Each structure stands twice: as C-alpha cells, then as structure tokens.
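Undergrad: Here you go, one structure.
The values are calculated or read from the model by the stated rules, or taken from the named source; none is laboratory data. Keep in mind that what you see is a predicted model, and the values were worked out from it rather than measured. A quick note on method: Cβ atoms are made from the backbone with ideal geometry, for glycine too, and the neighbour counts reach across all protein chains shown. Ligands, DNA and RNA are stripped out before the accessible areas are found, and what is left, the full protein with its side chains, is counted by its heavy atoms. Shrake-Rupley method; radii C 1.70, N 1.55, O 1.52, S 1.80 Å.
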Amino acid sequence: GELMQLEVNVVDILSDLKKDFLPHENNTIQQFYPGKEGIKRAYELLNNVPYDVQIYYFDHMMSMDTLGKEYINKEVSQTLKGRETKKRVKTLMHLNDWTRHVLSYQYGRNKSYIDYHEYRYIENPVFELHHDMYVFLDKVVMVVAKDDEIWASILTSKLVSASFISMFQIMWQMATPVTEKFVKSLGENEFLRQERKKARP
C-alpha cells in the first residue's frame with residue numbers, strides 16, 4: 001500500500017539525492033601492465049605484501065617457457081626463504097597431468113614448497129584455471145603468461161576483492177588438501193631427474 005508507494009518514490013529520487021548530498025568519489029583503480037615487465041611489476045607488489053596479510057591464490061601452475069625457467073624458479077625460491085610467511089598463502093589449484101608435474105618438480109627442488117602455501121586441489125574437468133590470481137585486502141592481482149597473452153593487472157576494489165574471496169572460500173571447502181603423502185605418491189619427477197643429471201660434471 002502506502003508504504004510500498006513511499007519506498008518506490010524514495011528509490012526514484014535516491015540517486016539524485018546522492019548526487020547532491022553524497023558526492024561519489026571513485027575509490028576503484030585498475031592498472032594494466034603489458035608484457036614480461038608488467039608481470040615483474042606485479043610480482044614486486046606481491047613480494048612486498050606485509051607478512052600478516054592473508055593471500056588467496058588461484059594458481060594455474062605457470063609454465064616455464066614464457067618467463068623462463070630461471071626466473072620462475074628464482075621467484076619460487078624467494079618466497080620459500082621467509083619462515084614467517086608460512087601458511088599465509090591459501091592456494092587453490094586444479095588437478096591434471098600438468099599440475100601434478102609442477103607439484104612433483106617444485107617439491108623435488110625444495111621440500112618446503114608445500115609448507116609455504118597451504119595447497120588444496122579440485123579434480124574436476126569443469127574447473128580450469130588459465131591464469132594466476134592473487135586476492136588480498138582490497139587488491140585483485142592477475143598474472144597471465146600463457147600462449148599469446150602476457151600481461152598483469154592490479155585492481156583496487158573492496159567489493160570485487162570481497163566477491164573473489166567469497167568464491168575462493170566456497171571452493172576451498174570443496175577442495176582436497178595437498179599433503180606430503182600425496183605429493184610423494186606422484187613419484188620422482190623425471191624432468192628434475194634429467195635436469196640434475198645434466199648439471200653433473
């Protein structure tokens with residue numbers, strides 16, 4: 001009745017009232033960084049996130065051919081140095097032949113790999129990741145280095161960040177923890193074995 005009509009009238013004039021009395025400030029920033037240098041800029045930001053900040057990480061397990069093996073392994077090694085960072089990164093991944101390979105390779109290089117990140121996986125062909133995304137505070141950082149797309153972006157938005165964290169958490173509940181037993185069950189990584197064999201004098 002009358003209350004509903006009043007509500008309709010208020011909604012109609014609300015946007016005009018906001019313009020007059022609540023000037024809208026744009027609190028959202030979208031930064032786009034093309035190429036390998038752009039990705040390095042995104043990693044610089046990520047490497048400087050305070051240690052007490054929880055990071056939610058959608059990890060597609062980047063292949064080494066785009067940025068180079070040395071660069072990827074250096075980034076991984078750098079993240080494993082700080083003990084105070086242990087378990088501050090929740091990482092969600094899809095499980096397939098490629099991600100099994102990456103898990104066994106990086107674990108073979110450094111057993112701390114699965115300690116720094118709290119890994120969980122979803123084994124379902126419907127769930128695929130084709131880029132990395134890090135969500136924390138009011139930031140959504142995307143890193144894309146696959147096929148012919150090489151870029152990074154940093155979005156500052158409380159609302160979008162909150163939405164992605166919510167999606168992450170519901171998927172996290174469905175996912176299976178990556179344990180040392182599971183990674184060992186994948187067996188020795190053949191690529192790493194050949195790599196070490198080649199490095200011997």
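Undergrad: Can you work out the Karplus-derived ³J(HN,Hα) for every residue in the stretch 34-51? Use 6.51 cos²θ - 1.76 cosθ + 1.60 with θ = phi - 60°, whole Hz, and x for glycine or proline.
TA: So the J values, rounded to whole Hz, are x, x, 4, 5, x, 5, 4, 5, 5, 5, 4, 4, 4, 6, 10, 5, x, 5.
Undergrad: Please identify which residues in the stretch 103-138 have an amide N closer than 17 Å to a label point set 7 Å out from the Cα of Lys146, following the Cα→Cβ vector.
TA: Residues passing the 17 Å test: 103, 121-135.
Undergrad: A further question follows. Could you rank Trp151, Trp172, Trp98 by how accessible they are, 1.4 Å probe, largest area first?
TA: Trp98, Trp151, Trp172
Undergrad: Let's test the formula: R0 of 35 Å, r as the Cβ-Cβ distance of Gln30 and Gln169. What FRET efficiency results, to the nearest 0.05?
TA: Result of the calculation: an efficiency of 0.90.
Undergrad: Taking loop as defined by DSSP and a crowding limit of 15 other beta carbons within 10 Å, which trypsin sites (Lys or Arg not before Pro) in the stretch 108-154 fit?
TA: Hits after loop and neighbour filter: Lys111.
Undergrad: Turning to a different aspect of this structure: Taking amide hydrogens as modeled 1.01 Å from N in the peptide plane, which residues meet the under 5 Å criterion relative to Leu95, leaving out close sequence neighbours?
TA: For Leu95, whose amide H was placed from the backbone, the distant partners under 5 Å are Ile122, Glu123, Asn124.
Undergrad: Next up: Pop out the carbon and sulfur fraction of the accessible area of the stretch 85-194 as a percent, whole number, probe 1.4 Å.
TA: Working: 3140 of 5710 Å².
That share works out to 55 percent.
Undergrad: Please list, ordered by chain and number, the residues whose modelled amide H lies under 5 Å from the amide H of Val178; skip anything fewer than 5 residues away on the same chain.
TA: Tyr119, Arg120, Tyr121
Undergrad: So if each residue of separation counts as 0.36 nm, and I subtract the Cα-Cα distance between Ala162 and Leu129, what length gain in nm does that give?
TA: On the way: separation 33, 0.36 × 33 = 11.88 nm, distance 1.96 nm.
Extending this stretch completely gives an extra 9.9 nm.
Undergrad: Report, in debye and to the nearest 20, how large the dipole of the stretch 81-182 comes out about its Cα centre when Lys and Arg carry +1 and Asp and Glu carry -1 on their Cβ.
TA: Value, rounded to 20: 600 debye.
Undergrad: Something else about it: Can you list the residues, at least 5 places off or on another chain, whose amide H is less than 5 Å from the amide H of Ile150, using H built in the peptide plane?
TA: Placed amide hydrogens put Gly35 under 5 Å from Ile150.
Undergrad: By how many nm would the segment from Glu44 to Asp97 grow when fully extended, if each residue of separation counts as 0.36 nm and the alpha-carbon distance is taken off?
TA: Difference between extended and current length: 16.1 nm.
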